[in-house]
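Below is one structure, written out as structure tokens; the observations come after it.
The values are calculated or read from the model by the stated rules, or taken from the named source; none is laboratory data. Everything numeric in this text was worked out from a predicted model, so none of it was measured. A quick note on method: Cβ atoms are made from the backbone with ideal geometry, for glycine too, and the neighbour counts reach across all protein chains shown.
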Amino acid sequence: MKYQQTDLSWSTLKAYMAQKPAKTYDSLSPSSLGGCMRAHYWKVKGVSATTPPNIGALVNFEVGHHWEAVLAKAYESQGKLVKHFEDGVDKLYDPETHLGGTPDLLIKENDELIIVDSKTVNSAYFRYVKMQSFSDWVADNKGYIYQQVAYIYLARQAGYEVDKAILSFASKDDGYIGLEFMIQADDELIEKIKARAFQLQGYLDRDELPPCECEGWKVGYCDYGNPATQQPNKKKKIVNTECCDPHWVIKDQ
């Protein structure tokens, strides 16, 4: 037989992703700051996820890193790139709030420093976004706002004079950036993210479990779901129907 089907690349990719060490948290994460405080608490405490991201999601994280590098080259080619922050190398940390994280890029546009952060999504995501008003989408995704404002704050603490961040969403299907918006951090927003960081750090210092803040669709994608109650959603994707209950989360810790 000259031709035969194989799954060698897929099985190799799965094995590669499975052997990668789980992410550890030694500080409060900007990307989790606007999400469920209980899930964030457990991540910092090192509690293992009960419903961790599947292989496809983990591969998407890797794709995101490659896309970030392409975007960095694009900005560099136009003379706008100031710094490409490398994951695991250029972590920014603030001892006052215990926030620590790595934005993607720092650029200069019209003599102004701006953080640029990127996400890779399925092209169908843009159709979903268009079903809402932009203000409703922002209200439903405040975690993205908190993340970018936290990056602005961390960059300022590191000595960069920056008060704006751009967040862009690119399609993995064709590279099209179908959603992009700019956030300007004022004193009110900065104080809001600091207050939330202080609140979470208080729970950590007291060893006190904070409330679960997962609602609606966010329950389905929580890392601390109940595996026994997962069900297919409208798109046939297996998601949680319950999350964040210590009865199943910590029993094996």
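Here are the numbers for the structure shown:
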| quantity | calculated |
| --- | --- |
| Residue that is modelled with the highest pLDDT, among those in the stretch 177-207 that are touching a helix residue (DSSP H, G or I) at 6+ places or on another chain (Cβ under 8 Å), farther than 17 Å from residue 94 by Cα and not hydrophobic (A, V, I, L, M, F, W, C) | 203 |
| Selection status of residue 202, surrounded by fewer than 15 Cβ atoms within 10 Å (Cβ to Cβ) and either free of Cβ contacts under 8 Å to residues at least 12 places away in the same chain or assigned to a helix (DSSP H, G or I) (or both) | yes |
| The one condition in (1) assigned to a loop (DSSP other than H, G, I, E, B); (2) at pLDDT 95 or above; (3) of a type in the set (S, T, N, Q) that residue 5 fails to fulfil | (2) |
| Residue that is modelled with the highest pLDDT [pool: residues in the stretch 225-243 that are in a strand (DSSP E or B) and out of contact with any helix residue (DSSP H, G or I) (no Cβ under 7 Å at 6 or more places or on another chain)] | 225 |
| Residue within the stretch 205-224 that is in a loop (DSSP other than H, G, I, E, B) and touching a Pro at 6+ places or on another chain (Cβ under 8 Å) present | yes |
| Residues located in the stretch 84-120, provided they are among the hydroxyl-bearing types (Ser, Thr, Tyr), buried (at least 19 other Cβ atoms within 10 Å of the Cβ) and more than 15 Å from the chain's Cα centre (by Cα) | 97 |
| Top-ranked residue in the stretch 135-160 [being free of Cβ contacts under 8 Å to residues at least 24 places away in the same chain and more than 18 Å from the chain's Cα centre (by Cα); ranked as farthest from residue 183 (Cα to Cα)] | 159 |
| Single residue of 150, 158, 165 found to be hydrophobic (A, V, I, L, M, F, W, C) and surrounded by fewer than 20 Cβ atoms within 10 Å (Cβ to Cβ) | 158 |
| Residue that is surrounded by the most Cβ atoms within 10 Å (Cβ to Cβ), among those in the stretch 182-191 that are assigned to a strand (DSSP E or B) and either touching a residue at least 24 places away in the same chain (Cβ under 8 Å) or aliphatic (A, V, I, L, M) (or both) | 183 |
| Among (1) crowded, with 16+ Cβ neighbours inside 10 Å; (2) within 16 Å of residue 222 (Cα to Cα), the one test that residue 81 misses | (2) |
| Cβ-Cβ under 9 Å pairs, at least 6 apart or on other chains, the stretch 9-36 side without any contact (Cβ under 8 Å) to a residue 60 or more places away in the chain, far side in a loop (DSSP other than H, G, I, E, B) | 22/48; 22/49; 22/52; 24/46; 25/46 |
